[in-house]
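Data first, discussion second: the structure below is written as structure tokens.
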Amino acid sequence: MATEIKAPTFPESVAEGSVAAWHKKPGDSVERDELLVEIETDKVVLEVVAQEAGTLAEVTVEEGDTVESEQVLGRLGEAEASGDGESESQDAEDSAEADSGGAGDDSGDAEPAAGGTQHDVKAPTFPESIQEGTVASWAKQVGEAVKRDEVLAEIETDKVVLEVVAPADGALSEIKAEEGSQVESEAILAVFTEGGAGKSASADSGQSAEAEKGADKGDSEDKDEKVGDKILAPAARKLVAEHDLDANKIEGTGKGGRVLKEDVQKAVKDGSAKKSAKATKSADNSGAKAAAAGAPSVEGERPEKRVPMTRLRQTIAKRLVEAQQTAAMLTTYNEVDMGAVMDLRAQYKDTFLKAHDTKLGFMGFFVKAASEALKRFPDVNASIDGTDIVYHGYQDIGVAVSTDRGLVVPVLRDTDSMKIADVEKGIVDFGKRARDGKLGIDEMQGGTFTITNGGIFGSLLSTPIINPPQTAILGMHKIQERPMAVNGKVEVRPMMYLAVSYDHRMIDGKDAVQFLVTIKELLEDPARLLLDV
């Protein structure tokens, strides 16, 4: 008797999903609890497993189709349905494929690919707020062996980097969207062929194969390139040029020692691949042709290089200019004595670390103080939508995070109900995933208020720019000891300047000043946060 395979029950906030990948095909035998299919929603990827052992009899929803909660995806037949005959038939097919493709193991890898099923590799479905993206890099090249769900390419949008994975084992047979090209939602990026194409031979004879491909197409810029003793992927080569690194000092983790984008990013972070003074001088004299591939330069005593602005950086620039052109932006300043918070942190930081497995920083106190102040001054927590004012009955605070790609602002939801430990854990997680480009779009949307901390870079005082459609932003700065008058005496105190930029169309100066004073008072007497006074 056939058993229906249904999509999971989606959360209330998720209306529908799409079939990301089937891990079994009709006729395949299935064990109980074995993964059958993955459903991708706008927030998470859900797995559908077999409720019992059997054979996948029918697939009613293909990959890429949109499905609703608990929709029937296929049917699972009884285990006996597979039978010995079917198994033998499958074995015969496998044997026939092996016989017909056996010569390919020794002579090459092009023919097995040609006989496999072909798929269009498409860009992900972009959210409504994103119109297009840029092909940031290809992790695999034409003919290179690929495993199912292995990353093929990265698409950079103005908010996040999206990964495109392989639909099955096989190889790319054609790339239609080169690195740097603009693509729309679900645009065809490449053609993928199932089967044994690429094989391990691509690793054994990788250099010669890539050279032949480059000669055939006359376009070596988008292929692996040998720099010194290293083979660099295109995206890696671009990063090496941008950061002026010594490729020979970078350890490649790709197939055959190939240097990948991730290897270069690690080297940039570690500072382990900087050129020596001698190498730099030599590179200047020779023109550094390989490094200049992604960044045209002007040679001589006053060198220059030109690199395209990333999509994220373009979006940041556009939004900042729009904020200054559309908002009546004003900034008010104050200073806070951080002595009480620092004493509290020093007293409990070890206990806090043991209890919550995360360090106690300053940001947790600022987020909690801002949440309390936002409740008292609802205008500061509001946003402007055209000619309407939207008052939010909750506090969602965005925390600005600096990355190599630019500034991103992930959002902590319902901060009023969060504990300081939850805030600290959330910020650490956001920071790590932001630098890895793994933040989801939904994690950076919304927000009723923003906090930015220039103090970690040494900023003593600055004027933050509002993040529209929000109406205010808090700027933190460096803690610096200064002589202060305390009860008629001069004392050296750890002081921090605070700045609140606000939209004067919405917020009056009195409210902005009192909002900032409230944050100051809460931080100078942290017990107020616990007593709600």
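Of note:
- Residues Arg493, Arg306, ranked from the fewest to the most other C-beta atoms within 10 Å, line up as Arg306, Arg493.
- Of every Cα-Cα pair in the stretch 471-533, the percent that sits beyond 18 Å: 52 percent
- Around the Cα centre of the stretch 479-533, unit charges on the Cβ atoms of Lys, Arg, Asp and Glu (plus for the first two, minus for the last two) sum to a dipole of about 180 debye.
- Extension reserve of the Thr310-Lys478 stretch, reckoned as 0.36 nm per residue once the Cα distance is removed: 57.5 nm
- Percent of Cα pairs exceeding the 14 Å cut-off, where the set is the stretch 366-421: 60 percent
- Between Glu322 and Asp508, the modelled labels are 3.0 nm apart [label points 7 Å from Cα along Cα→Cβ].
- About the Cα centre, charge dipole magnitude for the stretch 3-81 (Lys/Arg +1, Asp/Glu -1 at Cβ), debye: 60 debye
- Ranked list, fewest to most other Cβ atoms within 10 Å of each Cβ, for Tyr502, Tyr391: Tyr391, Tyr502
- Here r is the Cβ-Cβ distance between Gln51 and Lys147 and R0 is 22 Å; the resulting FRET efficiency, rounded to 0.05, is 0.20.
- Ordering of 459-469, 178-188 by packing [mean C-beta count within 10 Å, highest first]: 459-469, 178-188
- Each 10 Å bin from 0 upward holds the following percent of the Cα-Cα pairs of the stretch 424-533: 12, 31, 38, 16, 3, 0.
- At q = 0.12, 0.13, 0.19, 0.23 Å⁻¹, base-10 log of I(q)/I(0) for the stretch 346-446 (Debye sum, equal scatterers on each alpha carbon): -0.46, -0.53, -1.00, -1.22
- Unit charges on C-beta of K, R, D, E only; dipole of the stretch 313-531, Debye: 580 debye
- Spread of Cα-to-Cα distances over 5 Å intervals beginning at zero, given as percent, for the stretch 291-421: 2, 7, 10, 14, 15, 15, 10, 8, 7, 7, 4, 1, 0
- Pairwise centroid distance, computed over Cα atoms, of the stretch 444-512 with the stretch 302-332, Å: 21 Å
None of the figures in this text is laboratory data; all of them are computed from the coordinates on show. Here the structure is a predicted model, which is why all the values come from computation and not from measurement. Don't worry about glycine lacking a Cβ; one is built from the backbone with ideal geometry, like all the others, and counts go over all protein chains shown.
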